[in-house]
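Heads up: the structure comes next, in structure tokens.
The values are calculated or read from the model by the stated rules, or taken from the named source; none is laboratory data. Since we're looking at a predicted model, the values are computed, not measured. Reconstructed Cβ throughout: ideal geometry from the backbone, glycine too, with neighbour counts over all protein chains shown.
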Ligand code: ARG
């Protein structure tokens, strides 16, 4: 047997053991023998719908950087493995969005499209990091309008013929490539749910024209279950307040809004005492919170998210499992020390099944040399 087949069988065996043991199912030996035969014949194997569902959920449970794992069992797994054509995948993504959106009462879901398989020229891939992100435009003065994180992606879309409105919040098209590796661009037919940000106490806030999309839907991570890779397996949760208000709107390399908010609040931007930034951050958080509530869109604040995470760790220990975690990601970017989680440590070992970063960016493999050691274990395993 080829070496790849041996390691695939080994990964499959680990996963099947986990699945049958945890679920208390009969017939494990038969299933293992069946998989061994299938691998020998086809160099791959096919998960049953039940294995896929369990694998996708446990991959969430094993996501060291996710604070929202208490809800891992509620993940809706959409088994769409029969889809591999970019047009059909895009059509189906609109249905994923309908399910996830649920009129603002957001539900977590994953859509699993055709897995990678041996002999395929190229795997099915969604090139966007998330299905909804805003474009970045370089102005004549050299400033960036929009989300600077999306500069390269926007330039790519423009080279493919996409024309945005050139505002700070232009939703990018969806880029999907199938077995020919050729990227195809799609734009959303129905309106994408977004929340316009205002502040309960400051009338000027709404005039800033800030908004954010309601559903974070990660689309470039690779789901790995028992050695099988699903490079097209987009999943969504709901937002935690600080992701939008602190990071996306506040980071200097993102929307960088703190100086503007401070100016509007007439805060003294003293370089020797920069706590005006903390004040501006609180106002941004109040605004995002108020606006999502008003729009009836699910959002959780970081204090409650951290509480839920501690409940997750307790529940895991009752079930006899050790929680792995990445402290630097689990602790929210503000008020961390007020949370119980701050005062703990976790083992950051990467368990399988899991969600890995893709080795591909805009259709090209990322050079080994530019992958940092901390990120390495998170890149798709082969
Ligand atoms: N941090 C990312 C963003 O701000 C989203 C990551 C996933 N977040 C989630 N709540 N499921 O867009």
(message) Between 319, 314, 368, which is at pLDDT below 95 and more than 21 Å from the chain's Cα centre (by Cα)?
(response) 368
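Could you list, in sequence order, all residues of region 213-240 that are within 12 Å of the ligand (Cβ to nearest atom) and either over 13 Å from residue 110 (Cα atoms) or without any contact (Cβ under 8 Å) to a residue 12 or more places away in the chain (or both)?
Hits for region 213-240 are 213, 214, 239, 240.
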(request) Filter region 275-328 down to the residues that are touching a strand residue (DSSP E or B) at 6+ places or on another chain (Cβ under 8 Å) and under 18 Å from residue 208 (Cβ atoms), then identify the one that is surrounded by the fewest Cβ atoms within 10 Å (Cβ to Cβ). (result) 295
(message) With the structure loaded, tell me whether residue 277 is within 16 Å of the ligand (Cβ to nearest atom) and assigned to a helix (DSSP H, G or I) or whether it fails that test.
(response) no
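From the list 282, 288, which residue is in contact (Cβ under 8 Å) with a residue 12 or more places away in the chain, part of a helix (DSSP H, G or I) and within 14 Å of residue 246 (Cβ to Cβ)?
288
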(request) Just give me the residues in region 88-118 being within 16 Å of the ligand (Cβ to nearest atom), closer than 12 Å to residue 234 by Cα and touching a helix residue (DSSP H, G or I) at 6+ places or on another chain (Cβ under 7 Å), in sequence order. (result) 108, 109, 110, 111
(request) Quick one: count up the residues across region 60-84 that are surrounded by 18 or more Cβ atoms within 10 Å (Cβ to Cβ), within 14 Å of the ligand (Cβ to nearest atom) and farther than 15 Å from residue 325 by Cβ. (result) 1
(request) Please work out which residue is farthest from residue 232 (Cα to Cα), limiting yourself to region 119-156 and to residues that are touching a residue at least 12 places away in the same chain (Cβ under 8 Å), touching a helix residue (DSSP H, G or I) at 6+ places or on another chain (Cβ under 9 Å) and away from the ligand (no atom under 16 Å from the Cβ). (result) 138
(request) Would you point out which residue out of 18, 52, 25 is away from the ligand (no atom under 16 Å from the Cβ), outside any helix (DSSP H, G or I) and closer than 30 Å to residue 309 by Cβ? (result) 25
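Quick grid of which residues meet (1) modelled with pLDDT under 95; (2) crowded, with 23+ Cβ neighbours inside 10 Å:
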position	(1), (2)
90	no, no
98	no, no
107	no, no
111	no, yes
119	yes, no
(request) Look at region 147-171 and say how many of its residues are closer than 17 Å to residue 360 by Cβ and in a loop (DSSP other than H, G, I, E, B). (result) 1
(request) Could you tell me which of the residues 317, 352, 328 is in a helix (DSSP H, G or I) and either in contact with a helix residue (DSSP H, G or I) (Cβ under 8 Å, 6 or more places away or on another chain) or within 24 Å of residue 224 (Cβ to Cβ) (or both)? (result) 328
(request) Of the conditions (1) in contact with a helix residue (DSSP H, G or I) (Cβ under 7 Å, 6 or more places away or on another chain); (2) buried (at least 16 other Cβ atoms within 10 Å of the Cβ), residue 28 clears all except one; give me its number. (result) (2)
(message) Return the residues of region 123-146 that are over 21 Å from residue 217 (Cβ atoms) and assigned to a strand (DSSP E or B); say none if nothing qualifies.
(response) 137, 138, 144, 145
